[in-house]
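Novice: Take this structure, written in structure tokens, and hold onto it; I'll ask about it next.
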Amino acid sequence: MAKLKDSHHLSILELYEKNPSPSALECLIYHDKTARMWKGRFSQATADLVQKYGESISYDWRLYPHDIAGSIAHARAQVKAGILTDDEFAQIESGLIEIKNDIADGNFEFSIELEDIHMNIEAELTKRIGAAGAKLHTARSRNDQVATDTRLYCRTAIDQLVSLISDLQLALLGQAETYADAVIPGYTHLQRGQPVTVGHHLLAYVEMLARDQQRLIDARKRVNISPLGSGALAGSTINLDREAIAQELGFDAVTTNSMDAISDRDYIAEILFTLALCGGHLSRLSEDLILWCSSEFGFASLSDAHTTGSSLMPQKKNPDVCELTRGKTGRLYGNLVAILTAIKGLPLTYNRDLQEDKEPLFDSIDTILMALEVNAEMISSMSINVETCKAASSDPLLLATDLADWLVKEGVPFRDAHELVGKAVAASYAENTPLDQIDLTKIDPAFKKEAAKIFDLTTALAARTNPGAPSIENVKEQIHRWKATIRS
Ligand code: ARG
């Protein structure tokens, strides 16, 4: 009989995930063959393999604070309905709080025979307080219980995610401010296109993260509805005050169809989609930083604390955090596909397939929480090599579009201007002379001497004043706006 030794919440999961063999599970969870919740109908004990196949306690144990909060609110409503006495309620409440503390301290023995967190807690409560514990499951099913627990879990996770997204935005914003006027080439097709600034480039990610955050805040509205009272699928003949339960648990409302309430997992799919997309954004950021840190670009360097060396090549400083973030995006996408696939063919209402919702959910949330945290730290300590950025931006070809725009302002239709500048670029390559040094007037009289004045990066950036364009003024204004918005 092994107790959980470590009170750190991830420890059980980590151990089991590192070595998901039955023996690893066995040393974490004790076996009690007498513990069964449905003795009445059955004459045979559940086969060991079925128990191992069907248990969810090895991962759903982490729902325990929510399961206990739900049970206390449910019990309080039972008092109002005359099912429990005040004294019985007091026993249930203190019993559940004790169990909560014991789990948190690593002093709780989970049983695989009791399948999941709901039955583990309920059985232990009855073991500790006797008869009153056996009344707790009145007018409730594990089906509305698990839906309640996961909604409460999602709500807490969303709040954490929203806050960590802000932290990452602030880290990006800090660097955008420091390098608001550091010019770099902007790329399309990974070919140099037009000049932008490091500030403008980083602010693009602040925008993406803001939308991810908004999606989560919006999803929270649909998450924060109480399914408790929906029972197994058709409510109960014993009416508990669902509104009061919902209020106690901080829900905004109660669900309005019991069948939908216990079988719906779209709030999970929605969160997994948002996290997949957020992972996609972080992955693009990672890829940009990987390029920037390469010798070929040389635009940025990450701190020693946020990079790793090679066991063989002494010179290496590798952007592993970026690569891991890019790599972990695969599991975020996989988790979304897993939940969508799990729910797609299920007849109403509950089917055990729904137990497969939790591992993808926990995994995506754990993955993104950590990615946000480590990326915020890494970005705050990143430095930009302004001189290298400037050298890369001094290529006059970056201003070929500006030259065409100059012709347009002289009255040349854009298509003609595009062709003329194209010829100038071809000449520049043919003569092996930078674009700003070839005699443009030889290409076409439409180019006048003053055309050459466009080959100035400062003027070129300053001219990009339209909303959303990268003039330094604009970038500074955006930084100011974001600073006032984030966490306000
Ligand atoms: N562990 C189960 C799950 O996650 C709880 C609900 C079980 N309900 C049932 N009818 N077997 O889905």
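Novice: What about ARG352, is it within 16 Å of the ligand (Cβ to nearest atom), of a type in the set (Lys, Arg) and either surrounded by fewer than 19 Cβ atoms within 10 Å (Cβ to Cβ) or under 24 Å from TYR187 (Cα atoms) (or both)?
Specialist: So ARG352 fits the description; yes.
Novice: Restricting attention to region 464-483, does a residue exist that is touching a Phe, Trp or Tyr at 6+ places or on another chain (Cβ under 8 Å), in a helix (DSSP H, G or I) and free of Cβ contacts under 8 Å to residues at least 60 places away in the same chain?
Specialist: No, because not a single residue in region 464-483 is touching a Phe, Trp or Tyr at 6+ places or on another chain (Cβ under 8 Å), in a helix (DSSP H, G or I) and free of Cβ contacts under 8 Å to residues at least 60 places away in the same chain.
Novice: Looking at the structure I just gave you, is VAL321 within 30 Å of LEU233 (Cβ to Cβ), over 12 Å from the mean Cα position of the chain (by Cα) and more than 16 Å from the ligand (Cβ to nearest atom)?
Specialist: Criteria not met by VAL321.
Novice: Could I ask something else about it? Please find, among SER471, SER488, the residue that is in contact with a helix residue (DSSP H, G or I) (Cβ under 7 Å, 6 or more places away or on another chain) and of a type in the set (Ser, Thr, Tyr).
Specialist: Going through SER471, SER488 in turn, the sole match is SER471.
Novice: Right, ASP149: within 16 Å of the ligand (Cβ to nearest atom) and either of a type outside the set (Phe, Trp, Tyr) or part of a helix (DSSP H, G or I) (or both) or not?
Specialist: yes
Novice: Kindly establish whether ILE57 is away from the ligand (no atom under 13 Å from the Cβ), at pLDDT 95 or above and of a type in the set (Val, Ile, Thr).
Specialist: The answer is no for ILE57.
Novice: Taking into account only those residues within region 324-362 that are of a type in the set (Gly, Ala, Ser) and assigned to a helix (DSSP H, G or I), which is farthest from SER258 (Cα to Cα)?
Specialist: GLY327
Novice: Go over the candidates LEU125, LEU114, LEU96 one by one and state the one that is closer than 15 Å to SER56 by Cβ and either hydrophobic (A, V, I, L, M, F, W, C) or modelled with pLDDT of 95 or more (or both).
Specialist: LEU114
Novice: Another one. I'd like to check something: does region 427-447 contain any residue that is of a type outside the set (A, V, I, L, M, F, W, C), within 29 Å of VAL206 (Cβ to Cβ), in contact with a Ser or Thr (Cβ under 9 Å, 6 or more places away or on another chain) and surrounded by 13 or more Cβ atoms within 10 Å (Cβ to Cβ)?
Specialist: Within region 427-447, not a single residue is of a type outside the set (A, V, I, L, M, F, W, C), within 29 Å of VAL206 (Cβ to Cβ), in contact with a Ser or Thr (Cβ under 9 Å, 6 or more places away or on another chain) and surrounded by 13 or more Cβ atoms within 10 Å (Cβ to Cβ).
Novice: Follow-up question, since we're still on this one. Can you go through ILE97, ILE83, ILE112, ILE103 and tell me which one is more than 16 Å from the ligand (Cβ to nearest atom) and either hydroxyl-bearing (Ser, Thr, Tyr) or surrounded by 22 or more Cβ atoms within 10 Å (Cβ to Cβ) (or both)?
Specialist: After applying the criteria, what remains is ILE103.
Novice: To continue, here is another question. List, please: which pairs have Cβ atoms under 6 Å, are six or more places apart or on different chains, and start with a residue in region 135-149 that is in contact (Cβ under 8 Å) with a residue 40 or more places away in the chain and end with one that is among the acidic types (Asp, Glu) and more than 9 Å from the ligand (Cβ to nearest atom)?
Specialist: Taking only residues 6 or more apart or on different chains, the pairs are ASP149/ASP67.
Novice: Shifting gears a bit: Can you find a residue that is among the polar types (S, T, N, Q), assigned to a helix (DSSP H, G or I), within 16 Å of the ligand (Cβ to nearest atom) and modelled with pLDDT of 95 or more anywhere in region 363-384?
Specialist: No - not one qualifying residue is present in region 363-384.
Novice: Could you tell me whether any residue of region 209-226 is part of a strand (DSSP E or B), of a type in the set (A, V, I, L, M) and at negative phi?
Specialist: Yes - at least one qualifying residue is present in region 209-226.
Novice: Out of (1) modelled with pLDDT of 95 or more; (2) farther than 21 Å from PHE251 by Cα, the odd one out for GLU109 is which?
Specialist: The single condition GLU109 does not satisfy is (1).
Novice: Can we say ALA139 is within 16 Å of the ligand (Cβ to nearest atom), among the hydrophobic types (A, V, I, L, M, F, W, C) and either crowded, with 22+ Cβ neighbours inside 10 Å or modelled with pLDDT of 95 or more (or both)?
Specialist: Criteria met by ALA139.
Novice: Please pick out the residue among ARG331, ARG326 that is modelled with pLDDT of 95 or more, surrounded by fewer than 23 Cβ atoms within 10 Å (Cβ to Cβ), closer than 27 Å to GLN191 by Cα and under 27 Å from the mean Cα position of the chain (by Cα).
Specialist: Testing whether each residue is modelled with pLDDT of 95 or more, surrounded by fewer than 23 Cβ atoms within 10 Å (Cβ to Cβ), closer than 27 Å to GLN191 by Cα and under 27 Å from the mean Cα position of the chain (by Cα) leaves just ARG326.
Novice: Quick check on my filter: what residues within region 347-406 are of a type in the set (D, E, K, R) and farther than 30 Å from HIS418 by Cβ?
Specialist: If the condition is that a residue be of a type in the set (D, E, K, R) and farther than 30 Å from HIS418 by Cβ, then ARG352, ASP353, GLU356, ASP357, LYS358, GLU359, ASP363, ASP366, GLU373, GLU377, GLU387 are the ones that fit.
Novice: Assess whether GLY279 counts as being buried (at least 16 other Cβ atoms within 10 Å of the Cβ) and assigned to a loop (DSSP other than H, G, I, E, B).
Specialist: Here the answer is no, as GLY279 does not meet what is asked.
Novice: Residues to consider are ALA69, ALA104; find the one that is assigned to a helix (DSSP H, G or I) and within 18 Å of SER141 (Cβ to Cβ).
Specialist: From the options ALA69, ALA104, the qualifying one is ALA69.
Novice: So which residues in region 213-245 are away from the ligand (no atom under 16 Å from the Cβ), in contact (Cβ under 8 Å) with a residue 12 or more places away in the chain, closer than 20 Å to GLU270 by Cβ and not charged (D, E, K, R)?
Specialist: Matches in region 213-245: GLN213, LEU216, ILE217, ALA219, VAL223, ASN224, ILE225, SER226.
Novice: List pairs: first in region 280-298 and under 20 Å from ALA376 (Cβ atoms), second of a type in the set (Asp, Glu) and at pLDDT 95 or above, Cβ under 9 Å, 6+ apart or cross-chain?
Specialist: Partner pairs satisfying both residue conditions: HIS281/ASP212; SER286/GLU323; ILE290/GLU323.
Novice: If LYS316 satisfies every condition in (1) more than 28 Å from TYR64 (Cα to Cα); (2) over 23 Å from the mean Cα position of the chain (by Cα); (3) not in a loop (DSSP other than H, G, I, E, B) but one, which is the exception?
Specialist: So LYS316 meets the others, but not (3).
The values are calculated or read from the model by the stated rules, or taken from the named source; none is laboratory data. The shown structure was predicted, so the numbers you read here are calculated from the model rather than taken from an experiment. We place every Cβ from the backbone using ideal geometry, glycine too, and count neighbours over all the protein chains shown.
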